[in-house]
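*Asks:* The structure that follows is given in the form of structure tokens.
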Amino acid sequence: MNDPITPVSETPHIDDKDARFAGRRPEIVVVIPAFNESMHIAGVIASIPSEVASVIVVDDASHDRTADVVRQIADPRVTLIQHESNRGVGGAVCSGYKRALALGADILVKVDGDGQMDLSRIGDLIAPILHHRADYAKGARFFDARALGQMPIARLIGNLGLSFITKLASGYWNVMDPVNGFTAIHRQALEQLSLDTLSRGFFFETDMLIHLYYLQAVVADVQMPAHYGDEESTLNPLKVLLTFPGKLTRAFLKRILWRYFIHDFTACSLFMLVGAPLFVGGISFGAITWIHNSIRDLITPTGTVMLAVVPLLLGFQLLLQAIVLDIQHAPKIPIHKGT
């Protein structure tokens, strides 16, 4: 029997009038992308609270009995989608999102099929959306010291490093766990996204943030510790190391160009426009001078050193101030109007 959603003290009940759903209970749909999850998928579905209206499982061309296990589950809420070929986690989630929108979902919750998430916390996850404080909510595992102790050290270090780079690329400086797969989104925000343009691989979660920024959607972090059992992550750390930096760099440059030079021109734009050339110029001049004088065993005059140091420091200060202003420019007003 499914456990009910148990909100924390500050979390509203799902049919709370403040939730801005016109006095009715919001239609909550859970989307589960699944690839070779026959060992865990039944337990995940069984743990979904009864307040959830529908559960959509997307079997992404699994090689095991994932689809057969789902068909045997006697839960009328469950809908199975099967892909003939593997489309990646992003492709599976987008298939589920499209079906959930067709079913009339108000809030779409995405969970992984490996059993790492505490689904009794769905009430906590959707609370920022119900209270009209956010358009998109993400679980965050970095608030609980005990949960961090359970996380594999390699995964912890990788996530922390990726979190900072993603903040820079996406503009969501408040998001601490960008690759967390426990998410919720309001349908009005999702409908404004071009799902077919989102990344199909493991970059999907980060790509969602990047695209939501262009909508100026509000994203909230929700404390949501994960647990790690016998499941094996299909995320390849080497592939992440080779592919994510390039994608994040392109996303960062595109966001800066759009936000501060096309959409608007602010003091932040000016700081970057002046600071970047000074910083790069100071480093380049200093490096060239140092190499030149080292080869010839010459002492660099103090004046020459200052010609490198002054623009470097000034450029660094301007870029640092630009980052501060960028943090302040993070979206604060939800774009969804309620239902």
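The values are calculated or read from the model by the stated rules, or taken from the named source; none is laboratory data. Everything numeric in this text was worked out from a predicted model, so none of it was measured. Note that we place each Cβ from the backbone using ideal geometry, even for glycine, and neighbour counts take in every protein chain shown.
*Asks:* So, of the residues in the stretch 296-339 that are closer than 30 Å to residue 212 by Cβ and of a type in the set (Gly, Ala, Ser), which turns out to be modelled with the highest pLDDT?
*Replies:* Here the residue is 322.
*Asks:* So, one more: Would you check which residues across the stretch 285-309 are surrounded by 13 or more Cβ atoms within 10 Å (Cβ to Cβ) and among the hydroxyl-bearing types (Ser, Thr, Tyr) and list them?
*Replies:* Selection gives 289, 300, 304.
*Asks:* Using the structure shown, decide if residue 247 is in contact with a Gly (Cβ under 9 Å, 6 or more places away or on another chain), at pLDDT below 95 and among the charged types (D, E, K, R).
*Replies:* Answer is no for this residue.
*Asks:* Hey, any hits in the stretch 310-323 for a residue that's out of contact with any His (no Cβ under 9 Å at 6 or more places or on another chain), among the aromatic types (Phe, Trp, Tyr), over 19 Å from residue 171 (Cβ atoms) and surrounded by 16 or more Cβ atoms within 10 Å (Cβ to Cβ)? It would help to see each step written out before you state the result.
*Replies:* If we filter the stretch 310-323 for residues that are out of contact with any His (no Cβ under 9 Å at 6 or more places or on another chain), which is where we start, we get 310-323.
Still in the list and also among the aromatic types (Phe, Trp, Tyr): 316.
Now narrow it down to the ones that are over 19 Å from residue 171 (Cβ atoms): 316.
With the extra rule that they be surrounded by 16 or more Cβ atoms within 10 Å (Cβ to Cβ), the set shrinks to none.
No: the stretch 310-323 contains no residue that is out of contact with any His (no Cβ under 9 Å at 6 or more places or on another chain), among the aromatic types (Phe, Trp, Tyr), over 19 Å from residue 171 (Cβ atoms) and surrounded by 16 or more Cβ atoms within 10 Å (Cβ to Cβ).
*Asks:* Right, next: If I ask for residues that are among the aliphatic types (A, V, I, L, M), closer than 18 Å to residue 30 by Cβ, in contact with an Asp or Glu (Cβ under 9 Å, 6 or more places away or on another chain) and without any contact (Cβ under 8 Å) to a residue 40 or more places away in the chain, which ones from the stretch 56-90 would you list?
*Replies:* 67, 69, 70, 80, 81
*Asks:* Every residue in the stretch 26-85 that is closer than 29 Å to residue 127 by Cα, of a type in the set (Asp, Glu) and not in a strand (DSSP E or B), please.
*Replies:* Scanning the stretch 26-85 gives 27, 37, 51, 75.
*Asks:* Hey, among the residues in the stretch 297-339 that are of a type in the set (Ser, Thr, Tyr) and assigned to a helix (DSSP H, G or I), which one's farthest from residue 285 (Cα to Cα)?
*Replies:* Pass one, the stretch 297-339, residues of a type in the set (Ser, Thr, Tyr): 300, 302, 304, 339.
From what's left, assigned to a helix (DSSP H, G or I): 302, 304.
On the way: 302: 14, 304: 9 Å.
This residue is 302.
*Asks:* List, please: which pairs have Cβ atoms under 8 Å, are six or more places apart or on different chains, and start with a residue in the stretch 146-169 that is under 29 Å from residue 250 (Cβ atoms) and at pLDDT 70 or above and end with one that is exposed (fewer than 15 other Cβ atoms within 10 Å of the Cβ) and among the hydroxyl-bearing types (Ser, Thr, Tyr)?
*Replies:* Sorted first by the residue in the stretch 146-169, then by its partner, the pairs are 169/249.
*Asks:* Take residue 135 and tell me if it is at pLDDT below 90 and in contact with a strand residue (DSSP E or B) (Cβ under 8 Å, 6 or more places away or on another chain).
*Replies:* No.
Okay, residues lined up against (1) surrounded by fewer than 16 Cβ atoms within 10 Å (Cβ to Cβ); (2) in contact with a Pro (Cβ under 9 Å, 6 or more places away or on another chain):
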residue	(1), (2)
74	yes, no
77	no, no
84	yes, no
92	no, yes
99	no, no
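*Asks:* In the stretch 321-338, how many residues are more than 21 Å from residue 166 (Cα to Cα) and either without any contact (Cβ under 8 Å) to a residue 24 or more places away in the chain or in the same structural domain as residue 215 (by TED's automatic domain parsing) (or both)?
*Replies:* Going through the stretch 321-338 one residue at a time, the tally reaches 0.
*Asks:* Hey, any hits in the stretch 122-130 for a residue that's surrounded by 22 or more Cβ atoms within 10 Å (Cβ to Cβ) and in a loop (DSSP other than H, G, I, E, B)? Step through it out loud before you land on a result.
*Replies:* Kept after step one, since they are surrounded by 22 or more Cβ atoms within 10 Å (Cβ to Cβ), are these residues of the stretch 122-130: 122, 125-130.
Still in the list and also in a loop (DSSP other than H, G, I, E, B): none.
Scanning the stretch 122-130, I find no residue that is surrounded by 22 or more Cβ atoms within 10 Å (Cβ to Cβ) and in a loop (DSSP other than H, G, I, E, B), so the answer is no.
*Asks:* Take the residues in the stretch 261-276 that are assigned to a helix (DSSP H, G or I) and free of Cβ contacts under 8 Å to residues at least 40 places away in the same chain; name whichever of them is farthest from residue 319 (Cα to Cα).
*Replies:* Of the residues in the stretch 261-276, the ones assigned to a helix (DSSP H, G or I) are 261-262, 267-276.
If we keep only those that are free of Cβ contacts under 8 Å to residues at least 40 places away in the same chain as well, we get 261-262, 269-270, 273.
Numbers: 261: 16, 262: 19, 269: 10, 270: 10, 273: 9 Å.
The selected residue is 262.
*Asks:* For the condition more than 25 Å from residue 36 (Cβ to Cβ) and at pLDDT 90 or above, what is the one hit in 188, 223? Spell out the reasoning first.
*Replies:* Details: 223 fails: at pLDDT 90 or above.
Every option except 188 fails the conditions.
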